[in-house]
Amino acid sequence: MKALDGNAIGGLLLDVFGAEMTTASGTCATCGTRSVVAEVMVYRRAPGTVVRCRTCESVLMVFVERGDVVCVDLRGLAALEG
């Protein structure tokens, strides 16, 4: 499965957070790498959208749409600053 960059979820992030987040800085809770969201690896073919760290490939974020609700799991992020 080919990874996309974080720009692929710009619209989803705007819907969830109400702001442009592809330029926000995120810190991986596993390896401590800090990068802008636009640089993460995004996989959209899973049951939902999975966002992984480009350095260690740990899961940073998961988005699952269920009807009109988007369930968000951010436990892979130590920080998200935008």
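For the residues Gly6, Gly82, Gly67, the requirement of being of a type in the set (Gly, Ala, Ser) and surrounded by 15 or more Cβ atoms within 10 Å (Cβ to Cβ) singles out Gly6. Going by the structure shown, is Met1 among the hydrophobic types (A, V, I, L, M, F, W, C) and at pLDDT below 95? Yes; evaluated as a whole, the condition is true for this residue. Annotation: of all residues in the range 14-55 being under 24 Å from Met1 (Cα atoms) and charged (D, E, K, R), the one that is most open to solvent (accessible area, probe 1.4 Å) is Arg45. Tally the residues that are among the β-branched types (Val, Ile, Thr) and within 17 Å of Glu81 (Cα to Cα), restricting the search to the range 31-59. Going through the range 31-59 one residue at a time, the tally reaches 5.
The values are calculated or read from the model by the stated rules, or taken from the named source; none is laboratory data. Since we're looking at a predicted model, the values are computed, not measured. Using ideal geometry, Cβ is built from the backbone for each residue, glycine included, and neighbour counts are taken over all protein chains shown. The area values use the complete protein model at the heavy-atom level, side chains included, leaving out ligands, DNA and RNA. Shrake-Rupley method; radii C 1.70, N 1.55, O 1.52, S 1.80 Å.
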